[in-house]
Every structure is written in structure tokens, then in C-alpha cells.
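Undergrad: Sharing a structure here in C-alpha cells format.
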Amino acid sequence: MSNVVKWLSDLLAVPWATRPFTRMMRGHVTIIVMHRLADPGRGIAGVDPRDLRRALQFLRSERYPIVSLERVFRSLAGEAPPIDRAVAFTLDDGTIDQATVAAPIFAEFDCPATIFAVTGYLDGELWCWWHRVEYVFETTRRRELSVMMAGLRHVIRLDDGAERAQLARSFMERCKRVPEAEKLRAIERLAAAAEVELPARPPARYAPMSWDDVRACEARGITFGPHTVSHPVLARTNDAQSEREIIVSWARLCAEARRPVPIFCYPNGHVGRDFGPRECATLRRLGFLGAVTNAPCDYATVGGFQSSPDAPFSVPRIDFGADHRNFIRSVSGVLRTKQAIQRRVAQQGPAAPRHLGPALDGAQEEPVDPCASLFE
Ligand SMILES: [Zn+2]
């Protein structure tokens, strides 16, 4: 990045410098998705809590409406007045850091947020599958792993200088493309090949929040929505499991939370790949207001929400980003301006695809071009 571009990039993270872009946000709502918050005491890497605090300070100082996810959906459905420039926060999975690190910061700024809980994880029945993969890659003493998945043998060399985290992410990507049962068998084969014994309960840094944590978060203004029982990619499950994952996670949440929100979050959540009309039909039958996705990353609008019967079950979100600067660009209209420029350029000729975005879901690694920073 040249010095001039870096200077412009830094400038556009300054509150007053973003004001000329805010008209781009008329009729647009930013639904932010977050995952882990850094907690070095537990060995958890993630968004720096100071960046979340800076982001909320920005929204408050610039008078952005921070609204609940349910309010966004009701507004998009035409049941409540529209809210220009509104921002809603969501956090996926229900990890312990979301209760101990994120919730107090949201409370400090009197901000609502919605956590999507993987209910089997909170019930202590399972680890999140990508945490198991990460754990195996980090703890194995073996230098080479040979693992069968969907009839293909994958040989993974851990002594070639490549980062283990990257190798783990590549393995996760393969996992997301095979049927759910085969994915689980492949992870067992991986652990066996790595000679790593997975503890029955996740270690501290992979721990879920408890149901008591859920209720304590609710008392601070956090709401909860369902995110399946075991976090499978629903399109890779059969009809019975797809339905069960939705119905049981909602039932568990209704049993444990005081006021669960009838908005669903798809695991992985790529439109056209990770869920489909089958899941939308189940959610509609259960009376859900809709559902949120992970990619492509975009803003929510009334036009988009009302564009088709299934559109409320495919509402886009935008990743918080690597730090508060990315966040400020996303909510302020700077990113939309960039998207408009990119669209204009694209109309003038085909452009090569770029891999720009960070992982959105704990186990995701996909091109997420629209979320990249301006001038990046
Ligand atoms: Zn998730």
C-alpha cells in the first residue's frame, strides 16, 4: 500500500472524514456479524475488545441508530418505520468470550446485540467441529497426516514451514464440502492419524457460554436466536437432520432463554451453497421472521427484503472486520462508495476475482470481496 493510499485509508477511519459518505447509507441497514473476542487469559484470539469499544464510541458520537435485530426485521417487513443508517450487531455460536468480553462492552454503551447459539454446544453435548480440527492441528506431534475424506486421501505435511493454522483452515474448507456424516468421520480419522485424543469437553478457550450466561446476557440487553444444534452445513444434511437442527435448536432456546428471537442464522451461511428452499420452508412453517446469512456480504434494504417470498430468509450481514477502521468504513458509507465504484468499473469490463476477506464464520474461508476496506 503506497503512503498516499495508506494516508487516505487512515483518514477515512476518522469520524468527521466519513460524514460526506453517510448519504450512501440512506435506506440501508448494516447488520454486523462478529465471532470471537480476544481474551488472552483464556488463550482466545479474536477481535480486540478495544476495537469493539472504539466502534461503539464512533456510532454513539456520530449518532447512528443502534437497533436490535428484531427491530431491523420488523422495519424491513414494513411493520415498523424504516431506519436510515441503522446498525445492528450479531455474534455467532455462543462462545464463552461473547458472554464475558462482548456482552459487558455492549452493555457499557447501552447497545442491543443478538447472539446466535449452537444449542448442542451450550448443552455440553459437543465441541464446535472446527475447534476440534484446530485443536488437532495445534497439538499433534506427527509431521505428516494422511486422512481419507469422501474417497480421497489427503496427505498433510506439517514440517514444510506452512503455518498450521492455514493447514487447519484448508482441512476445514474440505470438510464443508462433503456430507455431514462424512465430515464427522473424517475429523475422527484426522484425530486418529494425528494421535491426538480429543477431550470429552472442549478446553477453556473453546468453551461455550452456559445457559446461566445466556440469561445474564439477556439481563444486559442481549437477545438470542438459534444457530442449529451441532452447526452442520445444512445443505450437506438429509431432510430429517436439516429439520431437526432447526426445530430442536429453537425448542432448546425457547426452553432456556427468556425472550428468544425468531430469527435464524445458517451455519457457514453462503447463499446458494449452504442452505436452500428446504431450510426456508422449515423456518417459514415455524413462524420465523427470517434468517441471516454470511456471504455475500452486503447491506439489508427494504427492497431486498421484499424482493421475493424467500428473501426474508436470506438477509445479508457484514463482518466486523479486522479492526474498528474496517468497521467504520462499513457503517459510514465509505464501503458502499467503494462498491459503487467497483460496480461501475466492472460494467466497463471483466475483472479477475480477488481473495480479500477474512473468514466470517469460525470455520469459513471464502472470497468475501465486498467487505474489504476501501483502498486496500
Ligand atoms: Zn456459526
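Undergrad: Given a Förster radius of 41 Å and the C-beta distance between residue 238 and residue 107 as r, what FRET efficiency does 1/(1 + (r/R0)^6) yield to the nearest 0.05? Please report the intermediate quantities before stating the final value.
TA: Numbers: r = 41 Å, r/R0 = 1.00.
FRET efficiency, residue 238 to residue 107: 0.50.
Undergrad: Now for a separate question. Rounded, prolate or oblate for region 1-118? Axes are the square roots of the Cα gyration tensor eigenvalues, ordered a ≥ b ≥ c, and the cut-off for rounded is a/c under 1.5.
TA: oblate
Undergrad: Give the long-range amide H neighbours of residue 32: residues separated by 5 or more places, or on another chain, with amide H under 5 Å away, using H modelled in the peptide plane at 1.01 Å from N.
TA: 88, 89, 90, 318
Undergrad: Starting with the highest mean, order 93-105, 135-147 by the number of other Cβ atoms within 10 Å, averaged over the residues of each peptide.
TA: 93-105, 135-147
Undergrad: Next up: Between residue 344 and residue 174, what length in nm is gained on full extension when 0.36 nm per residue of separation is reduced by their alpha carbon distance?
TA: 57.7 nm
Undergrad: Also: Relative to the present Cα-Cα distance, how much length would full extension add between residue 219 and residue 166 at 0.36 nm per residue of separation?
TA: Additional length available on full extension: 15.2 nm.
Undergrad: If you don't mind, another one. Compare 40, 232, 312 in a GNM of the chain, Cα atoms joined below 10 Å, and give the one with the largest fluctuation.
TA: 40
Undergrad: With the dipole of the chain worked out from charges on the C-beta (+1 for Lys and Arg, -1 for Asp and Glu) around the Cα centre, which of 272, 181, 303 lies farthest toward the positive end?
TA: Value computed over the given set: 303.
Undergrad: Here's something else I'd like to know. Taking H placed 1.01 Å from N in the peptide plane, check which residues at least 5 places from residue 149 or on another chain put their amide H under 5 Å from its amide H.
TA: Correct list: 154.
Undergrad: Another one. Please sort by residue number the trypsin sites (Lys or Arg not before Pro) in region 1-93 whose DSSP state is loop and whose Cβ has at most 14 other Cβ atoms within 10 Å.
TA: Passing sites in region 1-93 are 26, 63.
Undergrad: If you take every DSSP beta bridge fully contained in the chain, what fraction is antiparallel? Give it as a percent rounded to 5.
TA: Bridges in the chain that DSSP calls antiparallel: roughly 30 percent.
Undergrad: Identify, among 16, 255, 190, the residue whose Cα sits farthest towards the positive end of the charge dipole of the chain, taking +1 on the Cβ of Lys and Arg and -1 on the Cβ of Asp and Glu, with the dipole about the Cα centre.
TA: 16
Undergrad: Between residue 155 and residue 204, what length in nm is gained on full extension when 0.36 nm per residue of separation is reduced by their alpha carbon distance?
TA: Between residue 155 and residue 204, full extension yields an extra 14.7 nm.
Undergrad: I want to make sure I understand the PRE zone here: with the label point 7 angstrom from the Cα of residue 125 toward its beta carbon, which residues in region 238-263 have backbone N atoms less than 18 Å away?
TA: Only 238-257 fall inside the zone, counting backbone N under 18 Å.
Undergrad: Sticking with this structure for a sec: Using the Karplus equation 6.51 cos²θ - 1.76 cosθ + 1.60 (θ = phi - 60°), what ³J(HN,Hα) coupling, rounded to whole Hz, does each residue of region 147-155 give in order, writing x for Gly and Pro?
TA: 10, 7, 9, 6, x, 10, 8, 10, 9
Undergrad: Would you calculate a helix-derived [θ] at 222 nm for the chain, using -39,500 (n - 2.57) for each DSSP H run of n ≥ 4 and dividing by the full residue count, to the nearest 500?
TA: -11000 deg cm²/dmol
Undergrad: Around residue 271, which amide H atoms from residues at least 5 apart in sequence, or from another chain, sit under 5 Å from its own amide H, with H modelled in the peptide plane?
TA: HN-HN under 5 Å from residue 271: 294, 295.
Undergrad: Please say if region 129-194 is rounded, prolate or oblate, where rounded means a/c under 1.5 for a ≥ b ≥ c the square roots of the C-alpha gyration tensor eigenvalues, and otherwise the choice is prolate for a/b larger than b/c and oblate otherwise?
TA: It comes out prolate by the Cα gyration axes.
Only the coordinates and a few stated rules stand behind these numbers; no lab work does. Please read these numbers as outputs of a predicted model, since none were measured by experiment. Ideal geometry is used to build each Cβ from the backbone, glycine not excepted, and the neighbour counts take in all protein chains shown.
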